[in-house]
Amino acid sequence: MRRKIVAGNWKMNGSKDLSEKLVGYVQAEAGSLDNGVEVVIIPPAIYIRDVLRQAEGAVSVGVQNVGQWQSGAYTGEISSEMAKDAGCDYVLVGHSERRQIFGETDELVAEKVALVVASGLTAIVCVGETLEERESGLAESVVASQVRLGLSAVSPGDWKNIVLAYEPVWAIGTGKTATAEDAQAMHASIRSVLKEMGAPAEEISLLYGGSVKADNAAALFSESDIDGGLIGGASLDAKEFISICRYFPASS
Ligand code: 13P
């Protein structure tokens, strides 16, 4: 059975006040979700403790990035061991903003994924094509390559700690969402790449991200290969975020 996950990536947003109010609301509502969705909050690392305290175990917590080392003289970095020590379960790896703004390559993504799974945490590995790549008909091949290279160091026993998030770059923060059909087609393609790699593809959760809102979540989540969402802007609004979690069909 694949995990059903709705994760909120706060990016560089939030405050102690938001951590208290938003997580307090989400924590209170998460208990009444009856569709088996695991709710994950991924705040800036400096608020992890606040979020964990407020969450009282009702939601899981993740970090948005880790360094490619476990410790040492790397000012400003945190490691996956530290994320685990602090009480996190998830680490985002290779978000398109990390790739585009900070120059992260597929090779670096692979190194980080290896460290994350070695720490016993689950890596949410982000992939997705740009608008130019989609318009040139390259979307599937670009994403397939990101999957193959980014997951090249995963050993057979570690697939259980891998989640993928398909986030088309042109849909992030733009209000443009992939249609449910297009997202489903890409998820099916990703699952077939995972199969070719020898991974237990049917067991690996594939999340969709990119302008997911309460009014488009139901259509996306009803697709057979979409196992949840990675939510940016809408995860900063407690009611909207919980509405998205509720849209997950109980039967899938
Ligand atoms: P938006 O939901 O704001 O488009 O962001 C998606 C995203 O990048 C989540 O990681």
Looking at Ala238, Ala183, Ala201, Ala218, which one is of a type outside the set (Val, Ile, Thr), touching a helix residue (DSSP H, G or I) at 6+ places or on another chain (Cβ under 7 Å) and more than 18 Å from Val125 (Cα to Cα)?
-> Ala238
Being under 12 Å from the mean Cα position of the chain (by Cα) and buried (at least 24 other Cβ atoms within 10 Å of the Cβ) is the filter here, so list the residues in the stretch 6-19 that pass it.
-> Val6, Ala7, Gly8, Asn9
Under 6 Å between Cβ atoms, at least 6 apart or on separate chains: pull out the pairs that start in the stretch 202-215 with a residue that is closer than 17 Å to His95 by Cα and part of a loop (DSSP other than H, G, I, E, B) and end on any residue that is within 13 Å of the ligand (Cβ to nearest atom) and among the small types (Gly, Ala, Ser).
-> Gly210/Ala171; Ser211/Ala171; Ser211/Gly175; Val212/Gly229
Could we say that Glu77 is touching a Gly at 6+ places or on another chain (Cβ under 6 Å), within 17 Å of Gly62 (Cβ to Cβ), of a type outside the set (A, V, I, L, M, F, W, C) and surrounded by fewer than 24 Cβ atoms within 10 Å (Cβ to Cβ) here?
-> yes
Do you know which residues across the stretch 197-222 are at positive phi and crowded, with 19+ Cβ neighbours inside 10 Å?
-> Gly210, Ser211
So is Ala188 under 18 Å from the mean Cα position of the chain (by Cα), on the phi < 0 side of the Ramachandran plot, surrounded by fewer than 22 Cβ atoms within 10 Å (Cβ to Cβ) and without any contact (Cβ under 8 Å) to a residue 12 or more places away in the chain or not?
-> no
Selection from the stretch 141-176 of residues that are closer than 11 Å to Ala123 by Cβ and within 16 Å of the ligand (Cβ to nearest atom) = Gly150, Val163, Leu164, Ala165
Residue match in the stretch 20-43 (condition: within 12 Å of the ligand (Cβ to nearest atom), of a type outside the set (Asp, Glu) and either closer than 27 Å to Ala201 by Cβ or surrounded by 23 or more Cβ atoms within 10 Å (Cβ to Cβ) (or both)) = yes
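Computed from the coordinates by the stated procedures, all read-outs in this text should not be read as laboratory data. These numbers were taken from a predicted model, which means no experiment stands behind them. Quick reminder, even Gly has a Cβ in these numbers, built from the backbone with ideal geometry, and neighbours come from all protein chains shown.
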